[in-house]
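Taking it in order: structure first as structure tokens, then the write-up.
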Amino acid sequence: MASVPDIQASPYPAYPQYDAYGGLRGGLGDALRYILSVVRRNLWLIAAVIAVVVAAALVWTMLQTPRYTAVTTVQIDDQTASVLGEDLEDAVIEDSGWDIDRFLNTQLEVLRSRELAERVARRLELFGDESFLAAMEVPPPADGLPERLRQDQVVGLLQAGLGVDLPRNSRVARISFDSTDPEMSARVANGFAEEFIQASLRRRFDKSAYARNFVAEQLDEARAQLEASERELNAYARDAGLIRAREPGISDDSSNRASSVTSSSLLQLNEAANRAQADRVAAEARWRAESNTPLLSSETVLADPTVQSLMQQRAARRAELQSARERYLDDHPQVRELTSQIAEIERQLNAAARNVRNGIRARYTAAREAESQLRGQVGRLERETLAEQDRSVRYNTLAREADTNRSIYDGLLERYRELNASAGVAASNISIIDPADPPLGPSSPNVMRNLLLALILGTAIAGVAVFLRDQLDDRIRVPEDIDAKFGIPLLGVVPRVPGNEEVGTAMEDPKSSVAEAYNSLRGSLLHATREGLPKILLITSSQPTEGKSTTSWATAASLARMGRRVVLVDADMRRPSIHRRAGIANERGLSDLLTSDAAPGDFVSATSTEGLVVLPSGKQPPSPTELLTGPRMALLLERLGEEYDAVVVDSPPVLGLADAPALAAISDGVAFVVESNRGGRGALKSALRRLRAVNANVLGAVLTKFDPQRAGHGYSAYYGYDYYRYESGAEKA
């Protein structure tokens, strides 16, 4: 018996991407068919929900009081025309740094502000105006109500009825007001536009006057502070004896702001000392190299022109001496003369080489003395500079303060000049394009819009209701429900037998849709695992009468017709039925085999189908569970698997009994039979959970008693029930 795979790790068969009919599992077509079937089943619920919502919206719309909306359009620019000078020429002042979108949104918020609403109420004398309250559908305030509360009520109504809209990429804003009186709506909308312009001009004037006065005061204070800081800086420099080449206002950095004679000299001498040190290091290195080299082996000595000339003369005399010795003796006058000349040249050569080396040492000594003198001067200037820096701490502080005061003064002076230049009489950057007229027709309620919204809302509510109903219902109505609701593959679909025809009769006709369906199921089972058909196949269901025994018989017979040796085991000892289908007695069977040491061949019975034998359940034992869950049952199935090509076990239902889970744990594969359109109230999910708890290898589900016409249009043709029609004379596609 094959090992049972882990159902938790691999809940699908070897080819899970394709269903039993060769179609891609979870495809768009399956989803659309499933949705259409759900809509078809809940059509009356959807229609009822939509009708109720639309009717409620219609009644609510008819009860509403007609309201009128008046609209005023204004143009808002970020440029202002200003009159400058005595010639009254128009000039344009543009704030190029403004963020235009932010500016326009700010203006819209000003339109919605409480301050502008109060100005409109005072301008139109709406405080205490009962006609305005009536137009806003508000009863007059009670007597004795404080005046402040009356004003707050009017201002709140103005803000509530106001509408402000600015289309994208436009500077023309729409100011609207909504009330039950068209005249009042137009009057208030125009009042908001006019007060918006006046408020903008007032804010501009107040802001300019305040800014000029404030900047003038700050400018006087900055001038006084600058003068005081400059005087204090000069006095301290004079008392401390500091001579600075100072350029005011350049930077706050003291190195850029001022420099002294001492520090400048220190920088120059330090650079000279660095160069002298470099020269000394080079001369010293050269002298050390010369002193460690033989006199006439030094490259510097050999490169001297005098040395080179003397060496040439010596070579020439040596050649002459060699020639003379070949002809004369050593006492010959010519030999003695040449020997004397060579000795003199040697002396001159050594003297010239020593002169060259002495020159190198002299340059090294001079470089060392120059470096020493410059280092001494640098040290002296460093001490003087440090002393001067101690005196410059206060100076630098005063200089920074003076520079800061100068920057503040320059900035304030520039700003003051700008304010004086722009302080002319400015025109408003807001203008009315179209004033509001009393509307001729009501703007609300809008019957068509409300009905459309109600239709959309009703459809959404109906969709939610149908979704919840479908999720809470685990009945399998269409084949796609198998994978969608339980996550297991679909092995096959067995249609409902039409009319009063018996299932057995329909199965005997090889041209019937039932026979074709079971043949298709057989094809799915042959490829259900990587090894093909499971050796021991258990067929079970969640509840009785779902077609489990019929599927077991049909599957076993179909496999036998392929030439395989198949044994069908009736393990449902409480309600056996296989013996009746096989037409044999149920006097001896599985229960007797499990309680004796007899061989299985003594209890099996042949059937009319060649290759198919049946092991009936036998007499009902006192405790079927103990027999089916005992070790003898596992050994029996293993032995049957060795003797036959396939073992098909008709199991009891899963729910309420321990038989099916125990048998599933020792089987190679489980085919789960589900009756179409049968309410289980969670029975199917509970049964699958019990099977997974014992690590059963659930191959998939078989949907039985399926009615394609009831499931929806297209299922009959899609699942092949109408694709072919057998006729007596020919086959038509």
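Structure above, values below:
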quantity: Some residue of the range 129-145 being assigned to a helix (DSSP H, G or I), under 45 Å from the mean Cα position of the chain (by Cα) and either at pLDDT 85 or above or surrounded by fewer than 15 Cβ atoms within 10 Å (Cβ to Cβ) (or both); calculated: no
quantity: Any hit, the range 473-490, residues being surrounded by fewer than 13 Cβ atoms within 10 Å (Cβ to Cβ), among the basic types (Lys, Arg) and modelled with pLDDT of 75 or more; calculated: no
quantity: Qualifying position, being more than 30 Å from Thr65 (Cα to Cα), of a type in the set (A, V, I, L, M) and touching a residue at least 40 places away in the same chain (Cβ under 8 Å), among Ala173, Ala222; calculated: Ala222
quantity: Members of the range 568-581 found to be surrounded by 23 or more Cβ atoms within 10 Å (Cβ to Cβ) and closer than 26 Å to Pro510 by Cα, listed by number; calculated: Leu568, Val569, Asp570, Ile578
quantity: Given (1) surrounded by 19 or more Cβ atoms within 10 Å (Cβ to Cβ); (2) without any contact (Cβ under 8 Å) to a residue 60 or more places away in the chain; (3) under 20 Å from Phe603 (Cα atoms); (4) among the hydrophobic types (A, V, I, L, M, F, W, C), index of the condition Ala585 fails; calculated: (1)
quantity: The listed residue being farther than 16 Å from Leu615 by Cβ and at pLDDT 85 or above, out of Ser577, Ser541; calculated: Ser541
quantity: Qualifying positions in the range 596-633 - over 60 Å from the mean Cα position of the chain (by Cα), in a helix (DSSP H, G or I) and of a type outside the set (Gly, Ala, Ser); calculated: Pro600, Asp602
quantity: Of residues in the range 528-546 being more than 16 Å from Asp659 (Cα to Cα) and in a loop (DSSP other than H, G, I, E, B), the one farthest from the chain's Cα centre (by Cα); calculated: Thr545
quantity: Given (1) at pLDDT 75 or above; (2) surrounded by fewer than 14 Cβ atoms within 10 Å (Cβ to Cβ), index of the condition Arg400 fails; calculated: (2)
quantity: From the options Ala687, Ala671, Ala662, residue that is more than 22 Å from Pro479 (Cβ to Cβ) and either of a type in the set (Gly, Ala, Ser) or in a loop (DSSP other than H, G, I, E, B) (or both); calculated: Ala662
quantity: Matching residues in the range 576-595 - criterion: being part of a loop (DSSP other than H, G, I, E, B) and of a type in the set (A, V, I, L, M, F, W, C); calculated: Ile584, Ala585
quantity: Subset of the range 27-60 [surrounded by 16 or more Cβ atoms within 10 Å (Cβ to Cβ) and over 13 Å from Gly463 (Cβ atoms)]; calculated: Asp30, Arg33, Tyr34, Leu36, Ser37, Arg41, Val54, Ala57
quantity: Members of the range 467-485 that are in a helix (DSSP H, G or I) and over 20 Å from Pro534 (Cβ atoms); calculated: Phe467, Leu468, Arg469, Asp470, Gln471, Leu472, Glu480, Asp481, Asp483, Ala484, Lys485
quantity: Residue match in the range 620-634 (condition: of a type in the set (Val, Ile, Thr) and modelled with pLDDT under 90); calculated: yes
quantity: Checklist (1) of a type outside the set (Asp, Glu); (2) part of a helix (DSSP H, G or I); (3) farther than 18 Å from Val702 by Cβ applied to Gly563, failing item; calculated: (2)
quantity: Helices (runs of 4 or more DSSP H) contained entirely in the range 217-331, each with at least 2 residues that are more than 22 Å from Arg400 (Cβ to Cβ), among the acidic types (Asp, Glu) and modelled with pLDDT of 75 or more; calculated: 261-291, 305-327
quantity: Search result, residues across the range 110-128 that are assigned to a loop (DSSP other than H, G, I, E, B) and either closer than 24 Å to Ile197 by Cβ or acidic (Asp, Glu) (or both); calculated: Arg112, Ser113, Glu125, Leu126, Phe127
quantity: Residue count for the range 146-170, restricted to those that are within 52 Å of the chain's Cα centre (by Cα), over 21 Å from Pro182 (Cβ atoms), without any contact (Cβ under 8 Å) to a residue 60 or more places away in the chain and not in a helix (DSSP H, G or I); calculated: 4
quantity: Answer residue from the range 504-527, given it is assigned to a helix (DSSP H, G or I) and among the acidic types (Asp, Glu) and is nearest to Leu491 (Cα to Cα) among those; calculated: Glu516
quantity: Answer residue from the range 663-684, given it is more than 12 Å from Gln543 (Cα to Cα) and surrounded by fewer than 20 Cβ atoms within 10 Å (Cβ to Cβ) and is nearest to the chain's Cα centre (by Cα) among those; calculated: Asn677
quantity: Subset of the range 445-458 (residues that are surrounded by 15 or more Cβ atoms within 10 Å (Cβ to Cβ) and of a type in the set (S, T, N, Q)); calculated: Asn450
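The values are calculated or read from the model by the stated rules, or taken from the named source; none is laboratory data. Not measured: the values here are computed from a predicted model. FYI the Cβ positions are ideal-geometry reconstructions off the backbone, even for glycines, and counts take in every protein chain you see.
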